[in-house]
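No lab work stands behind these numbers, since they all come straight from the coordinates. No experiment lies behind these values; they were computed from the predicted model shown. Backbone-built Cβ (ideal geometry, glycine too); neighbour counts: all protein chains shown.
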């Protein structure tokens, strides 16, 4: 089964605070891994833009089946790296 054609696989530009809110909503109240914050800091420095307004493009499952958010680089989406053999939410 591939997530690539599922209607719950979303691609959105998110700020760090929006990412935190989605993370809490979909993955539970666990803390975001430090790598995401570092990606935002690097992008903020690179583009000389405030970190609270910096947006990165993410791909994620809006049903919370995938347990992470994937950063899309260079406008290309390669799909989630986690293979799912059965998904009750697949649509």
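Which condition number does residue 32 fail, the rest of (1) in a helix (DSSP H, G or I); (2) touching a helix residue (DSSP H, G or I) at 6+ places or on another chain (Cβ under 9 Å) being met? Only one criterion is unmet by residue 32, namely (1).
Residues in the stretch 5-50 that are under 20 Å from residue 65 (Cβ atoms), in contact (Cβ under 8 Å) with a residue 40 or more places away in the chain and surrounded by 11 or more Cβ atoms within 10 Å (Cβ to Cβ): 6, 8, 9, 10, 11, 12, 14, 19, 22, 23, 27. From (1) under 24 Å from residue 84 (Cα atoms); (2) part of a strand (DSSP E or B), pick out the condition that doesn't hold for residue 13. Here residue 13 meets the rest and fails (1).
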